[in-house]
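Computed from the coordinates by the stated procedures, all read-outs in this text should not be read as laboratory data. Not measured: the values here are computed from a predicted model. Counting neighbours? That spans all protein chains shown, and the Cβs are built from the backbone with ideal geometry, glycine included.
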Amino acid sequence: MNFAPRYLGRGSWLARRDPRVLVLAVVFFVFAAIQVWDIRLVALLLVLALAYYRSARIPFREVRRQWFIAILFVSLLVFGNGIFASGRVQRLPDGAVQHIYGYLPLLGTPISAESVTFALTQFLRFMAMIAIGFPLAFAIDPAAFGVTFARLGVPYRFAYAIDLTWRFIPSFAADFRTTMDAQRVRGMDLGERVGGPLARLRRQVPILVPTIVNAIAGAEDTIDAMDLRAFGTGRRTWIRELRLDPTDRVVLLAFVALFVVATVAGFTTSSSFLWIPPFLIPS
Amino acid sequence: MPDRIVEIDRLSFRYRRASEPALIDLSLTIDPGEVLLVAGPSGCGKSTLIRAINGLIPHAYPGELTGSVLVDGRPTTEQKLREIARSVGTLLQDPARQIVGATVEAEMAFGPENLGMDRSEMWRRIREVSATAGIEALLGRETANLSGGERQLLAMAGILMLQPRLFVVDEPLANLDPLTAARLLSTLRHLADEGHAVVIVEHRVEEALDLRPDRVLYLDEGRTKYLGNVAGFLEVADPSAVKLPFEVVLQRFRNGPVGAAAAAPTPPVLEVGDPARAPRLEFRDVRAGWGEREVLHGVSAKLGAREVVAVLGPNGSGKTTLLRTAMGLTPTRVGEVLVDGTSIAGRSVASLATTFGFVFQSPSQMLFARTVRDELEFGPRNLKRPPEALEGIVDAALRRTSLDSLEDIRQRPPLTLSFGQQKRLALAIALALEPPTLILDEPSAGQDHRTAALFMREVLTIPGLESIYLVTHDVDLALAHATRILLFRDGQIVADGPPGTVIEDEDRWTSCNLRRTSLIRANAHWRSPEQRFLDTEALARLVLARDGSASGNGRKGDSSVGAP
């Protein structure tokens, strides 16, 4: 098991951008995307996001597990919530009627062209957001997180905490693996699936307690090491220099423009309402 | 002296929640160009002294402090850590915890960044320091992918970046193979020769003496037992508490009884069994590794059911991976592992745990239960042992590890035990599954000389145990207790045989990052070929016996100190 973020996009066009661009791109894109409900435009946003993601040149085989988890999670969230939970559809134009295909057995939840469109729109939107977000983890130099957030105005102690998180995830994962192995040699069956969620959680205690205790003990050493190199005692500089080049400015401007257009369109066009593909409407 | 770096005057310190002081009435000065070795058993106050010098006491560790600590002529109580950090650089024991940067450059720049240093100056220092520390090849790499030895050197470089006047180094040899340790010591010596001061805390005194310390501070239970030159220290140090060169121990034996060592018995050896019997563990051209990295490159070996086998070699050479494959913890890619003549393919780790009791390096990686009893019952319960048998299993495990002598041990929370007791509990946990063979990963890690030796003696006297396979950096421990050595390098076995034979090829030995310790040289000199390799005390007694018989015969034996 490896949770560690890896610099998989190293050397790519996107990785050569100022990392602040990657952070701000996510912010502007997300705020643009949440305003758009027309599935045609959301699909367009997804295409844009995938093109952006592709420019990070992240090898798919290295992240297929993360993509699988993301798609599974989004699918459960969207289809579970949108279709099976209530069947209620938001963002329909005033006076629009629902074209119902039928009702779920037992639950009685209606399934309609509108609820299906709603779910598909949400799904595409989340996938677009994930495509824009992945480069944050894989196309930013792990050593640049702190300075990136510090230069975006985050206090440097918090900014450095982000650096430290990336730094210690591999160590924590290694400790976790060691503890799992230490309990496996005591006969613990990690794959046991008996009992409810609480019972399963209780069975993880032999793994969680040593891992957490060790992490706390290790943190004390790390805090000492940071204190001894004068962390947090005064003005700080950063060895990494961040400078927006013309390409960075263009990319950033494009995302700002996207946000502005989405906002204006939301007030002036029907982009903020669901659009039901005609082929989904029963004749 | 105006240039003096540290002046400690009658320092006593008690941690806020402790009942006893950790340091008592300690006075000390440290001058430029000086190397001070601080030695003593665990709990003697070494770490507290380091914290007092680098300012963590009182800035990060509150408590009751009397006396004074001056760094660069000013009390540490009146300086900020930021100011002290410019004069005192500290290398902690575990570099993995000390390194905070995600890349080598980020780690090296961490201290200068905190001091607000100019960017161009930081880059200049990175170039300079990476050359001095010999880590130019590491530039650009992510710290998570460095080996233990590389991390240690990087942690040292991170301190060098601050150009402190004094380097404080806490047990740097604990996680390093002997030759990497020698490289670090040579860097420290070079710094001292350039006019920096070095304080090194180490109980592996024999290796630390390579640093040619000017003075030694010997602490015990927070008090100064000795402060002076090396020769004087070697006369007073307890050989059972710190690891001294053999010649010194021999001389001390000649002068009379020496602490606990005088009464220590010869290390026991498990009974050697029938060689015709199927091996307990067999590797057949095994290739194994982590992720995409192959660590074992075609290993073949048979480990007997009645043997004590020690695996030695450099950091990262695959020693631990070898024994992990035996437990099924690291999957075999190519080749086969057999236990008692049967392939382990398809067997669970749990089923192998009844053959091998695997004891990890750090006991805290496994302890989780509220009481020692619960901790010991965990394994047998997992293996569905009948509930009525559990009490007997717990009693036997405690008895076999001598933990039953501790008052109310069954109800004690495991994490309240001392580190040495936790090590024994980890052993008891493994024994609770009643395996005939123990696998020990770095049994001496985290323990001082005395407790490590005691631990090994206890392991070897556990009743009912057939064999022990261990991985260690402690060359003398391995040679003195094992009946057979597997010498590892780059994921392959380069030598396999009895200790006396494996050490004969000096080039091969040093190419595996191992050093010829004074005990090896002394064994080569004193031991007759048919005898097994002897530990320090046993060899010293042998020499004394020869001295006695030689003088009884009216002639003086060839027993001059340092002759080996």
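The table below gives the values:
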{"quantity": "Folded to 0 to 90 degrees: helix A:246-268 orientation relative to chain A principal axis, Cα", "calculated": "40"}
{"quantity": "Angle in degrees between helix A:156-184 and the longest Cα principal axis of chain A, rounded to the nearest 10", "calculated": "80"}
{"quantity": "Peptide ranges B:314-324, A:202-212 listed from the most packed, as the mean C-beta count within 10 angstrom indicates", "calculated": "B:314-324, A:202-212"}
{"quantity": "All lysines inside 19 Å of B:K225 as judged from Cα atoms, apart from same-chain residues fewer than 8 positions distant", "calculated": "B:K46, B:K243"}
{"quantity": "Ranked packing of A:267-276, A:9-18, B:83-92, most packed first, by mean Cβ within 10 Å", "calculated": "B:83-92, A:9-18, A:267-276"}
{"quantity": "Residues whose placed amide H lies under 5 Å from that of A:T109, excluding near-sequence neighbours", "calculated": "A:L104"}
{"quantity": "As computed over the protein assembly as shown, the Cα convex hull volume per residue (Å³)", "calculated": "204"}
{"quantity": "Anisotropy class of chain A from Cα gyration tensor, a/c 1.5 cut", "calculated": "oblate"}
{"quantity": "Calculated FRET value between A:I169 and A:A43, using beta carbons and R₀ = 41 Å, to 0.05", "calculated": "0.75"}
{"quantity": "Under the Karplus curve 6.51 cos²θ - 1.76 cosθ + 1.60, θ = phi - 60°, whole-Hz ³J(HN,Hα) for region B:28-36, x wherever Gly or Pro sits", "calculated": "6, 10, 10, 10, x, x, 9, 10, 10"}
{"quantity": "Amide H within-cut-off set for B:L91, under 5 Å, with H built and near neighbours excluded", "calculated": "B:V168, B:V169, B:D170"}
{"quantity": "Taking the C-alpha atoms of region B:140-190, convex hull volume expressed per residue in Å³", "calculated": "91"}
{"quantity": "Protection-proxy order for peptides B:4-16, B:503-515, B:239-251, each taking the mean of Cβ atoms within 10 Å per residue, highest first", "calculated": "B:239-251, B:4-16, B:503-515"}
{"quantity": "Per-residue average of Cβ from other chains inside 10 Å of B:100-109", "calculated": "6"}
{"quantity": "Karplus-derived 3J(HN,Hα), 6.51/-1.76/1.60, for each residue of region A:120-137, Hz, glycine and proline x", "calculated": "5, 4, 4, 4, 5, 4, 5, 5, 5, 5, 5, 4, 6, x, 3, x, 4, 7"}
